[in-house]
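The values are calculated or read from the model by the stated rules, or taken from the named source; none is laboratory data. Everything numeric in this text was worked out from a predicted model, so none of it was measured. All Cβ positions, glycine included, derive from the backbone under ideal geometry; neighbour counts span all protein chains shown.
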Amino acid sequence: MRILIVEDEPKVASFIRRALEEENYAVDVSPDGNQGFDLAREVNYDLIILDLMLPGQPGLGVLKALRTAKVKSPVLILTARSEVDQRVKGLDAGADDYLTKPFAIEELLARTRALLRRAGGDPTGVLQVDDLVLNPVTHEVTRGGRRLELTAKEYALLEYFLRNAGRVLTRSMISEHVWDIDFDTFTNVIDVYIRYLRNKIDREHEPSLIHTVRGSGYMLKANT
């Protein structure tokens, strides 16, 4: 899943980014409110982590502008302000959650998982198609009860497939959610990773779950 951090403190942004990337999320960072708004409007992020005190445009203004522009990505506000009225203003402006600095990174990660679960409509968080199961909390992936060892990018790709099971995913959609802003869309990296994933998911199992939709992209689904 792809996450945008809008945070002007380099150390804080770097700290959050490293923690999220260790959890296999693709992460973009913007240090400026105006740039953050432009990125959030251009890219369909699965989550936006938004600081309130920003240069260019304050976080509350960014949030209001995003909701006016019909950007529906969940927003987690980060701020040093702990006053109740500030939290109320943020939530009323369209934020989905609120975390006050300083915070424990474990809590931020837990809130991130909760918001992604809520957006996906699954309160348990466990993703499953047929006998393929992925647990976003433990990062354990099994097929037919046997644990599969995936690289970080293979895991991220599989999670995106499972969150969109039964839906055709184009290469553009995959690159937008699984790779960050620096990804070269003209390479064949996506097809290479699809092949890697098929070798681990489908090669020794029936039925095959990852399907090519010619002229469109790929789909993960169980045969019916």
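Restricted to the range 54-82, and to residues that are aliphatic (A, V, I, L, M) and surrounded by fewer than 16 Cβ atoms within 10 Å (Cβ to Cβ), which residue is nearest to PHE15 (Cα to Cα)? I'd like the intermediate steps shown before the answer.
Filtering the range 54-82 down to residues aliphatic (A, V, I, L, M) leaves 54, 60, 62-63, 65-66, 69, 71, 75-78, 80.
Then drop every residue that is not surrounded by fewer than 16 Cβ atoms within 10 Å (Cβ to Cβ), which leaves 69, 80.
Details: ALA69: 30, ALA80: 16 Å.
Residue satisfying both the conditions and the ranking: ALA80.
Output the residue which, of all residues in the range 163-182 that are of a type outside the set (Val, Ile, Thr) and assigned to a loop (DSSP other than H, G, I, E, B), is nearest to VAL133 (Cα to Cα).
Applying the filter and picking the extreme gives ALA165.
What are the residues in the range 4-57 that are within 25 Å of VAL88 (Cβ to Cβ) and β-branched (Val, Ile, Thr), if any?
Within the range 4-57, ILE5, VAL6, VAL12, ILE16, ILE48, ILE49 qualify.
When you check ILE190 against the structure, is it under 25 Å from SER73 (Cβ atoms), among the hydrophobic types (A, V, I, L, M, F, W, C) and at pLDDT 90 or above, yes or no?
So ILE190 passes the test.
Confirm whether VAL168 is under 22 Å from LEU109 (Cβ atoms) and of a type in the set (A, V, I, L, M, F, W, C).
When the stated conditions are applied, VAL168 does not pass them.
Test SER82 against the stated conditions and say whether it is on the phi < 0 side of the Ramachandran plot, at pLDDT below 90 and polar (S, T, N, Q).
Considered against the rule, which asks whether it is on the phi < 0 side of the Ramachandran plot, at pLDDT below 90 and polar (S, T, N, Q), SER82 comes out as yes.
Cβ-Cβ below 6 Å, separation at least six or inter-chain, first residue in the range 175-190 and outside the structural domain of ALA26 (by TED's automatic domain parsing), second modelled with pLDDT under 80 and among the hydroxyl-bearing types (Ser, Thr, Tyr): which pairs?
Listed pairs, sorted by first residue: SER175/THR185.
Residues to consider are LEU99, LEU108, LEU150; find the one that is assigned to a strand (DSSP E or B), aliphatic (A, V, I, L, M) and more than 13 Å from the chain's Cα centre (by Cα).
LEU99
For the range 147-174, give me the residue count where each residue is of a type in the set (A, V, I, L, M) and surrounded by fewer than 19 Cβ atoms within 10 Å (Cβ to Cβ).
As a first pass, look at the range 147-174 and keep what is of a type in the set (A, V, I, L, M): 148, 150, 152, 156-158, 162, 165, 168-169, 173-174.
Pick out the ones that are also surrounded by fewer than 19 Cβ atoms within 10 Å (Cβ to Cβ) and you get 152, 165, 168, 173.
So the answer is 4.
I need the full set of residues from the range 111-128 which are assigned to a strand (DSSP E or B) and surrounded by fewer than 18 Cβ atoms within 10 Å (Cβ to Cβ), in order please.
Selection gives GLN128 alone.
Can we say SER208 is more than 23 Å from LEU47 (Cα to Cα) and among the small types (Gly, Ala, Ser)?
Yes.
Looking only at the range 83-115, which residues are of a type in the set (Gly, Ala, Ser) and within 21 Å of GLY33 (Cβ to Cβ)?
The initial filter retains those residues of the range 83-115 that are of a type in the set (Gly, Ala, Ser), namely 90, 93-95, 104, 110, 114.
The answer is GLY90, ALA93, GLY94, ALA95.
Just give me the residues in the range 25-36 being over 16 Å from ASP182 (Cα atoms) and surrounded by fewer than 24 Cβ atoms within 10 Å (Cβ to Cβ), in sequence order.
Selection gives PRO31, ASP32, ASN34.
Do we find a residue being under 20 Å from VAL43 (Cβ atoms) and outside any helix (DSSP H, G or I) anywhere in the range 187-194? Write out each step before concluding.
If we filter the range 187-194 for residues that are under 20 Å from VAL43 (Cβ atoms), which is where we start, we get 187, 189-190, 193.
In the following step, the residues that additionally are outside any helix (DSSP H, G or I) were identified as 187.
Yes, the conditions are met somewhere in the range 187-194.
Which of (1) over 17 Å from the mean Cα position of the chain (by Cα); (2) assigned to a helix (DSSP H, G or I) does SER208 not meet, given it meets every other one?
Going through (1) over 17 Å from the mean Cα position of the chain (by Cα); (2) assigned to a helix (DSSP H, G or I) one by one, SER208 breaks only (2).
Could you please give the count of residues in the range 35-64 that are without any contact (Cβ under 8 Å) to a residue 40 or more places away in the chain and in contact with a helix residue (DSSP H, G or I) (Cβ under 8 Å, 6 or more places away or on another chain)?
To start, the set of residues in the range 35-64 that are without any contact (Cβ under 8 Å) to a residue 40 or more places away in the chain comprises 35-38, 40-42, 52, 56-58, 60-61, 63-64.
Add one more test, that the residue is in contact with a helix residue (DSSP H, G or I) (Cβ under 8 Å, 6 or more places away or on another chain), and what stays is 36-37, 40-41, 52, 56-58, 60-61, 63.
Total satisfying the criteria: 11.
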